[in-house]
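Okay, so here's the structure we're looking at.
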Amino acid sequence: MSLSQTSKILFFFSLLYFYGKDSFGKEKNSYPQNYFSSPLAIPISPAGTFCELRSDHFHSGLDIGTNEKTGQHVLACADGFISRIKISAVGYGKALYISHPNGYTTVYAHLEKFNPTLEKYIRAEQYKQKKFEIEIYPNNGMLPVKKGEIIAYSGNTGSSGGPHLHFEIRDTKTEHALNPLLFGIKMHDNIKPIIKTVKFYNLNDSYYAEEGKAYVPVLKSTGDYRLSGTIVGEGFFGISVNTTDQTNGSNGVNGVYSIEMYKDSILMFKWNAEELDFDQTRYINAFMDYREKEKNKGNFYHLFKLPGNRLLNYISLKDNGYIYLQKNDSAKITISVADVNGNKSTLVASVKAVPYLRKPLVFNYGPEKSTLLKRPGIEIDFEPGTFYDNVNLIYSNLDISLIKGAYSNIHQIHHTYLPLHIYNYMYVEPFQVADKYRDKALIVYRNFEGNDRGLPTVWEGSRLKAKFRNVGKYYVALDTLAPTVKFINLDVKNQRFKGNYIAIEAKDILSGIASFNGFIDGKWVLMEYDAKKDLLKYFFDENCTKGEHKLEIVVTDERKNEKRLKQVFKV
């Protein structure tokens, strides 16, 4: 690379740094320390930390362990009023939002149930709307709460992977999530983060040009790591660090709070987990090594910023964290990783550049390009902002015999893990579909693990159209099968349900469940839905008095295939 080329690239990086500089400003240390109390009466034991690396998103709060049980008292952290209530079969499950007079909002999610007053209010609204999934914005001051008041009970609803409380503190005005552990909520922690692996990437052409090379650092003493004799190719390279944290009394593996990187004595990179804009959360797929996360569950934090990454959490960036070494140059790289309590681990690596034999590379897609992919049977117009760096996207038309029931060519979009940031539309030509099956046709996505998921699909002329945001296999199928629905706790002989509820398993293998309704003696009753368990539940209430009743369950999938289940039962 000539000196003039190098100067141009460095100038380009300096522009990116100037215009992409952290809009959150400086690190803040002025959060109120005695205003909020703990949302639980038990000691804080993090099962997940703020801005922890998750699939396709940063974790937006603090997951607090509840001793692997549901039903712990959830307490209002400060005076205020309930400003939002949301109930969903996925995501946060049952969640409460409390607005406080100091300009912050606290969020309590994955709840099992609410206190009796709230429970009555919410159930009345569900019956009014005849829906399980609802979102309510009560008038300001309509539902006041006092600090320490029991507002709900911890649970495992929504997309929760186990009993815990998901807790957030947000700036009410911006709706940005803030790190709850910066507000004086105490926990015992004197354990330093662990640095497991360091990975080096050649960035002369594109991050996606090569897989990257990993090195295991040597631990000399507690929190002090060494890596000697590391060889990189001349030119630009980047580094990521596979690091996790742990707290006293917890077996959970958590994310870290801050990372710094120096080249010799120059600060190249600084990031912390202080604030999160939800509109930017998917940029995590550029912030971390996406392939390592999806394939190996590794937590590799990139210490550089890709051209298509618009994340604003960076405190300091020089040349976007890209390190440049000419042939035979060497440098000392120092990486410091800390948790929110100031426990710090440091890695020092000696790096030397050797000649790099570059092959000419051609990239057909880039972060700022709009490019049309048009092949027999499929068309995709990739919009600017889809990719984080230049990429040579590979398309393959696969043998139709690979997937039983395929009603089109099988279209393989790329061959390995590659994140797409925004949705794009694909248009797929199916084989001839009889008129009676047109409303059953849909585009299906198959991921690298072999799991199928039907996409919301519409006809546009002779083609099918769907939004997508993942690479993998795509094909057309006909979903003509109704959901499977069966009772779980029915005592058939006595026509009674065991326990104080009716439990029903409801599954759909392709397009997914779109709606569900339960009726007792022809009257709509509230069925609670746990999507991760494929479970519908009705808890006996005033709508089901003692005696004999007629129950009807109606479950419909996205392609309007319907299953009805009827049963006479006694209470």
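Overview of values
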item: Tally of Lys pairs whose C-alpha atoms are under 26 Å apart, taken over the stretch 95-160, 8 or more apart or cross-chain; result: 10
item: Distant-in-sequence amide H partners of N156 (H built 1.01 Å from N, under 5 Å); result: E112
item: Relative contact order [Cα under 8 Å, 6+ residues apart], the stretch 189-354, whole percent; result: 32
item: DSSP-defined antiparallel bridges as percent of all bridges, the chain, nearest 5; result: 95
item: Ascending count of other beta-carbon atoms within 10 Å, so fewest first, for V391, V354; result: V354, V391
item: Ranked E149, E260, E548, criterion: other C-beta atoms within 10 Å, fewest first; result: E548, E149, E260
item: Hull volume in cubic angstrom per residue (convex hull over the Cα atoms of the stretch 189-354); result: 116
item: Packing-based exposure ordering (other Cβ within 10 Å, fewest first) of S462, S38; result: S462, S38
item: Normalised contact order of the chain, rounded percent, pairs of Cα under 8 Å and 6 or more residues apart; result: 12
item: Using θ = phi - 60° and Karplus 6.51 cos²θ - 1.76 cosθ + 1.60, couplings along the stretch 562-569 (whole Hz; Gly, Pro as x); result: 10, 10, 10, 10, 10, 7, 8, 9
item: Binned Cα-Cα distances of the stretch 106-218, short to long, each 5 Å bin given as a whole percent; result: 2, 7, 10, 14, 15, 11, 9, 9, 7, 6, 7, 3, 0
item: Folded to 0 to 90 degrees: helix 3-19 orientation relative to the chain principal axis, Cα; result: 40
item: Rel. contact order, % - alpha carbon contacts under 8 angstrom, at least six apart, the stretch 59-195; result: 38
item: 25 Å Cα-Cα threshold exceeded, pairs from K220/K263; K94/K546; K94/K465; result: K94/K546; K94/K465
item: Dimensionless Rg over Rh [the stretch 225-308; C-alpha; Kirkwood]; result: 0.98
item: Hz values of 3J(HN,Hα) by residue in the stretch 414-421 - Karplus curve (6.51, -1.76, 1.60), Gly and Pro given as x; result: 6, 10, 8, 5, 8, x, 10, 7
item: Karplus 3J(HN,Hα) series, Hz, for the stretch 436-444 with 6.51 cos²θ - 1.76 cosθ + 1.60 (x for Gly, Pro); result: 5, 10, 4, 7, 9, 7, 7, 8, 10
item: Under the Debye formula (equal points on every Cα, no solvent term), log10 I(q)/I(0) of the stretch 265-352 at q = 0.13, 0.15, 0.25, 0.26 Å⁻¹; result: -0.52, -0.69, -1.43, -1.44
item: Spacing of the two label points (7 Å from each Cα toward its C-beta) at T371 and Y121, in nm; result: 5.3
item: Options (1) 43.5; (2) 67.3; (3) 30.0 - which one matches mean projected area of the Cα convex hull in nm² as calculated here; result: (3)
item: Alpha-carbon centroids, the stretch 266-341 and the stretch 531-553: separation in whole Å; result: 50
item: Hull shadow area, averaged, the stretch 371-478 [alpha-carbon convex hull, nm²]; result: 6.6
item: Amide H within-cut-off set for S45, under 5 Å, with H built and near neighbours excluded; result: G65
item: Semi-axis lengths, Å, the stretch 35-138, gyration tensor of Cα atoms, sqrt of 5 times eigenvalues; result: 23, 17, 15
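Values in this text are rule-based calculations from the coordinates and carry no lab data. Remember, it's a predicted structure, so these values are computed and weren't measured experimentally. Ideal geometry is used to build each Cβ from the backbone, glycine not excepted, and the neighbour counts take in all protein chains shown.
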